[in-house]
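Asker: The structure's right below; bear with me while I get my questions together.
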Amino acid sequence: MTAPEKRKQPKHPYLVRSLRTLGLGLILSVILHVLLDASLSGFNLSATFDMIKTYPIPFLLGILVLMLVYLFLISLIGNVWASSTIFVGTSIVVAFANNQKFLERGEPLYPQEFEMITQWRFMLSMLSTWLVILLFLGIAIIIAIAWILDRYSRKISAKYYGRDFKYWDRKTLIIRVAGLIFSGVLLFSLTNFQSSDNWLRKAYNIDAQWKDVDPKESYQQYGFVGGLIYSATANIMDKPVNYTESHIKDITKKYSKIADQINATRKNKPMDDVNIVYVMSESFSDPTRLHGVTTSSDPIPETRKIMEKYPSGYSLSQGYGGGTANIEFEALTGLSMYNINPQITSPYQMFLYQKENFPSLVSSLKQNNYETIAIHPFKPSFYRRTDVYNALEFNKFISRDEMQHTETLDDSEYISDASAFQETLDQLRAHKTSTFIHLVTMQNHMTYWDKYINTIGVEGVPEKNKQTVETYLQGIKYSDDALRDFVTELDNMKEKTMVVFWGDHLPSVFPEEIVNQNTERTMHETPLFMYANFDIPKEDYGTISPIYFVPKMLELTDSKVSPYYALLTEMSKEVQGLEKNVLINGDNQTIIEDQLSPKAKEYLEDYKLIEYDLVSGKGYSKPALFKDK
């Protein structure tokens, strides 16, 4: 019998193996890039390929970036199949999560949201059971395939290359180190993507026009990878050309004089001897205002009664279906998202947590010896609130882990508003000094599946959406009842107490058919009122941005203002609603930028310079701008 002919071995086995590995990486990068881009359109491949045809260079560059990531992984780990499993599995999970976010909120995953992986139980709770099963089943299949391929790759390697490559032999280590350095240096260079001299930015600029493109559009035009890099490396604000120390000090002097003029007509120190409670109610809105929606009964009758009696109107929310921390940022700091670059989608997670002693309502009240407390019935790490509240100078942060009242309603997983209000009352009663409490509720957070015994019906929405909308309506009905009881308790308190209540944003339960019947402004308006258990004038605010809550509160209590709040007081008279997609003038009319009055433009220019000084600049304004008069 003739012995089988021995297979000829490659002359340069390490080179051949490396090229084959890179070839596998290229194939995976192409497939996964298409998958990630498809997740931006509900996995519509036709729309995805249209985008690729329109912007071919960003697509090719995205593949290059994914190849660098793959090369970094394979060089670091050394095992082809383990690296490929991580690469493919992570990409599939990201694509899945991106698609889900687009379905819920109409926007892609932003860079800071990747840290939400630490809240994986909460994130999974927002998915239906079958989607969770499908996700884990897919990951399990990928791992199983990789294990099988790894098991037999050694036999294939020995047969084809005449050896079993070890991860740690000298030649393999040299190749791995070279790959690690090469890919690592190029990937690190992407942190400078915003520079016009960056190699990848230059390549993208052949096909891409980044200026004035909001983050959602950058994803949809230039692909998931391009949009992610652009958002991850953005500046907080672009430096104004006239930003100098002398100019900032001139602005500070200007509003110090205006503060003196305002204070000459007011008699009280800022919120003198008054407890203040901020209540930012999760997803609280007035669905009866929406065209196309009819409810069987009013879900918020008690809120409506309070609004008829006390100063009230609507808060202009920065977000729709989400963005809670951004609205909170505006209300506490008086700084608007309007001036911040659109790629900065979460100040809390992207810069504020790194700051120290950041000026805010909290730090202003501490000048008057207020006890300052934040209450949030959820995880303290969410949106990096622990670090952010330290930066804002809260004395205490009570999360769900420290709360004494943690009851839930029906089958809901979230602590009820009634419990959160009771926690707030306990804190007010426990402190003899003036107290500021900032309460961020959680009861009405998504999801809105069958967790209540619904008592309010809805018409005008498709049948498939009815249950989620009715569950949401029941949730805000419970909130409305809890709010009534909370105000009743405050009415009976001896200590003077003021409450600023507003909904952070509308929920994303309303289908596109409803959204299209309503204006952009309507879909960003939530109920707002300022209650007090002492006499204050009744005001109709129309629709105002959260940055104006403090000036309105100071005005109601005849309190003196600092130069900063003097600026906001004057600006509110000319432009009372200030968000990226909606501008509202002092007459409560929706306008565009070209219709801003000369005074409004003057105030906005000064305000933008001050905001840059605080978030990105040298802080020249801090010593004088926030000092009480």
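Rule-based calculations on the coordinates, nothing more; no lab input. What you see is a predicted model; the values in this text were computed from it and never measured. Note: ideal-geometry Cβ built from the backbone for every residue, glycine included; neighbour counts use all protein chains shown.
Asker: Give me the number: length gained by fully extending PHE534 to HIS405, i.e. 0.36 nm times residue separation minus the C-alpha to C-alpha distance, one decimal in nm.
Answerer: Taking 0.36 nm per residue and subtracting the Cα distance, the gain is 43.7 nm.
Asker: What full-extension length gain, to one decimal in nm, is calculated for LYS432 and LYS494 as 0.36 nm per residue of separation minus the Cα-Cα distance?
Answerer: Answer, rounded to one decimal: 21.2 nm.
Asker: Mind checking which aspartates and glutamates have their Cα closer than 13 Å to the Cα of LYS599? Skip sequence neighbours fewer than 8 apart in that chain.
Answerer: Within reach: GLU570, GLU574.
Asker: Need one number: nm distance between label points at ALA264 and LEU103, each 7 Å from Cα along Cα→Cβ, rounded to one decimal.
Answerer: Those two pseudo-labels are separated by 6.3 nm.
Asker: How far, in nm, would the chain grow between LYS618 and ARG170 when pulled straight, counting 0.36 nm per residue and subtracting the alpha carbon separation?
Answerer: Using 0.36 nm per residue and subtracting the Cα-Cα distance, I get 156.2 nm.
Asker: Per the helix-only calculation at 222 nm, which mean residue ellipticity applies to the chain, given -39500 (n - 2.57) for every DSSP H run of n ≥ 4 and division by its residues, nearest 500 deg cm²/dmol?
Answerer: My calculation for the chain gives -16000 deg cm²/dmol from helical runs alone.
Asker: Right, another one. So which lysines can LYS379 reach, going by Cα to Cα under 18 Å and dropping same-chain residues fewer than 8 places off?
Answerer: LYS396
Asker: Still on this structure, I have one more. In the chain, what % of DSSP beta bridges are antiparallel (nearest 5)?
Answerer: 45 percent
Asker: Once both axes come from the Cα atoms, what is the angle between helix 129-161 and the longest principal axis of the chain, in degrees from 0 to 90, rounded to 10?
Answerer: For 129-161 against the chain, the angle is about 30 degrees.
Asker: At most 15 other Cβ atoms within 10 Å and a DSSP loop assignment: could you name the chymotrypsin sites (Phe, Trp or Tyr not before Pro) in region 423-463 that fit?
Answerer: Here the chymotrypsin sites (Phe, Trp or Tyr not before Pro) that fit, given the DSSP loop and packing criteria, are TRP449.
Asker: Something else: How many nm is it between the label spots at ASP214 and TRP199, if each spot is 7 Å from the Cα in line with the beta carbon?
Answerer: 3.5 nm
Asker: Run the quick spin-label model on LEU24 and VAL132: label points 7 Å from Cα toward the beta carbon, then report their separation in nm to one decimal.
Answerer: Here the answer is 3.3 nm between the modelled labels.
Asker: Between ILE142 and ALA47, what's the calculated FRET efficiency when r is the beta-carbon distance and R0 is 30 Å? Round to 0.05.
Answerer: 0.70
Asker: Let me ask something else. Report, in debye and to the nearest 20, how large the dipole of the chain comes out about its Cα centre when Lys and Arg carry +1 and Asp and Glu carry -1 on their Cβ.
Answerer: The dipole magnitude comes to about 3660 debye.
Asker: Suppose a student asked you for the relative contact order of the chain, using Cα pairs under 8 Å spaced at least 6 residues apart; what percent would you report?
Answerer: Relative contact order of the chain: 18 percent.
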